[in-house]
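Peer 1: This is the structure I want to talk about, given as structure tokens.
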Amino acid sequence: MVMLDDVFRPANRVVVRLLRSPVGKLAGGALLVLEYVGRSSGRGFSTPVGYQRDGDAFVVLISKPGQKRWWRNFREPWPAEVTVRRQRLSVTGVLVPPEDPAFFDQVEGTLDRLPWMGSQFGGVKYNRRTGLTDPQREVVAENAAVVRFTPNS
């Protein structure tokens with residue numbers, strides 16, 4: 001199976017360079033550069049990801065997680081660095097499981113602003129008035145992942 005991480009790697013290198021350049025201040029409201037060392041490989045990785053702020057934390061909502069690998073490094077708390085608007089911060093990332101109310105808070109917060117993104121999470125048609133139904137929550141739980149990056153003190 002071809003992983004999306006592998007398909008986008010060449011383009012991601014270009015985006016990472018742009019985000020680290022002076023242009024990065026402009027694009028930094030939507031994208032950050034995530035840098036981490038793989039748990040198994042010990043190799044360093046840099047990848048651009050979309051994010052949302054939640055207080056001091058950076059929250060990344062991952063669509064099609066079965067086709068991506070990077071987020072698996074954060075199943076348990078794991079150190080990383082993020083570059084946002086050309087500012088580099090040490091963070092700890094951890095996967096937010098669907099059982100945690102914060103998972104659906106993040107998903108619904110995103111869908112409330114960008115309802116079209118429901119198509120990325122199993123074809124869910126999001127209704128702002130009613131929110132996610134229980135069957136939609138089940139679909140989203142299988143088709144999304146959430147990783148929260150908290151700055152280290």
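The values are calculated or read from the model by the stated rules, or taken from the named source; none is laboratory data. Quick caveat, the model's predicted, so the values are computed rather than measured. Cβ atoms come from the backbone with ideal geometry, glycine included; neighbour counts cover every protein chain shown.
Residues checked against (1) under 11 Å from the mean Cα position of the chain (by Cα); (2) within 24 Å of Arg137 (Cβ to Cβ); (3) aliphatic (A, V, I, L, M):
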{"site": "Ser46", "(1), (2), (3)": "no, no, no"}
{"site": "Glu76", "(1), (2), (3)": "no, no, no"}
{"site": "Leu95", "(1), (2), (3)": "yes, yes, yes"}
{"site": "Pro101", "(1), (2), (3)": "no, yes, no"}
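Peer 1: Could you go through segment 68-83 and let me know if any residue there is among the polar types (S, T, N, Q) and either out of contact with any Lys or Arg (no Cβ under 8 Å at 6 or more places or on another chain) or in a loop (DSSP other than H, G, I, E, B) (or both).
Peer 2: no
Peer 1: Same structure, new question: Which of the residues that make up segment 100-127 are over 23 Å from Pro79 (Cα atoms) and assigned to a loop (DSSP other than H, G, I, E, B)?
Peer 2: Those that are over 23 Å from Pro79 (Cα atoms) and assigned to a loop (DSSP other than H, G, I, E, B): Leu114, Phe121, Gly122, Gly123, Val124, Lys125, Tyr126, Asn127.
Peer 1: Separate question: Does at least one position in segment 64-71 carry a residue that is at pLDDT 95 or above and either aliphatic (A, V, I, L, M) or surrounded by fewer than 16 Cβ atoms within 10 Å (Cβ to Cβ) (or both)?
Peer 2: Within segment 64-71, not a single residue is at pLDDT 95 or above and either aliphatic (A, V, I, L, M) or surrounded by fewer than 16 Cβ atoms within 10 Å (Cβ to Cβ) (or both).
Peer 1: I need a count of the residues in segment 110-124 that are in contact with a Ser or Thr (Cβ under 8 Å, 6 or more places away or on another chain) and not hydrophobic (A, V, I, L, M, F, W, C).
Peer 2: Selection size over segment 110-124: 1.
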